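Every read-out reported here was derived from the displayed coordinates using simple, explicitly stated rules and does not represent laboratory data. All figures in this text were calculated on a predicted structure; none of them were measured in a lab. Heads up, the Cβs are rebuilt from the backbone with ideal geometry, glycines too, and the neighbour counts pull from every protein chain shown.
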Amino acid sequence: MPVPSRRRPRGEMRQRILRLAAEWLQQRGYHGFSFGQIANALEIQSSAVHYHFPSKSDLVSAVFARYRVEFAWWREQMGHSRYGPLEQVGRFLDLEARNIEGERVCPLGVAGVEYASLPAEACAEAEGLRDDLADWLTATLDAGRLEGRLDFPGDAGDQARVIMAAAQGALQLVRLHGREDFAAVRRAILTGLTPRGV
């Protein structure tokens, strides 16, 4: 009697490689892992990694493109949710806080530190992710202020960049001191956006 095939669904290996590369990129940086290490961790041949991603440049560019797809999905969920603008900013900070468990930094934090050595295509995807985040935060802050549900000084775009920078910096502080630093930054951001008297 023939043994049923145990081949993985098409595309599953590519996704496994991407997931591991994304995790290691945020933990170790661009120069902190190799195709051989990925192959060993996934118990496959290095040629299998090269089959899906001919070069490390292709792999890391795909990782940043994957971040953008994931954020686009998350942003769409927020658009269909009943969360108000302050809650949505809080949810964004919670999204960033998920990196704490895996001792990861923000993808944009990696891109910022290693920008000079990242492949051009990966830099372009990172810049796109930065724009995606800034655009969503700016629109959310603008809408919240127009509705009287958020209060902050200056331009919404400037405030969006302050929040992005604070979230990235908080993840760095967690590595040095602990998760309470991220919680403190989260509280400060949300308190600063809450209208007086609310």
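Below are the figures for this structure:
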item: Kyte-Doolittle mean at least -1.0 and Cα axial length at least 15 Å: DSSP H helices in the chain; result: 12-28, 56-80, 85-97, 120-146, 156-176, 180-193
item: GluC sites (Glu not before Pro) within the stretch 77-129: DSSP coil, no more than 11 neighbouring Cβ in 10 Å; result: Glu101
item: Segment Glu127-Tyr83, extension gain: residue separation times 0.36 nm, minus the distance between their alpha carbons; result: 13.1 nm
item: Neighbourhood net charge (13 Å Cβ-Cβ; Lys/Arg +1, Asp/Glu -1) for Thr138; result: -2
item: Hydrodynamic radius of the stretch 128-167 per Kirkwood, over alpha carbon pairs, in Å; result: 10.1 Å
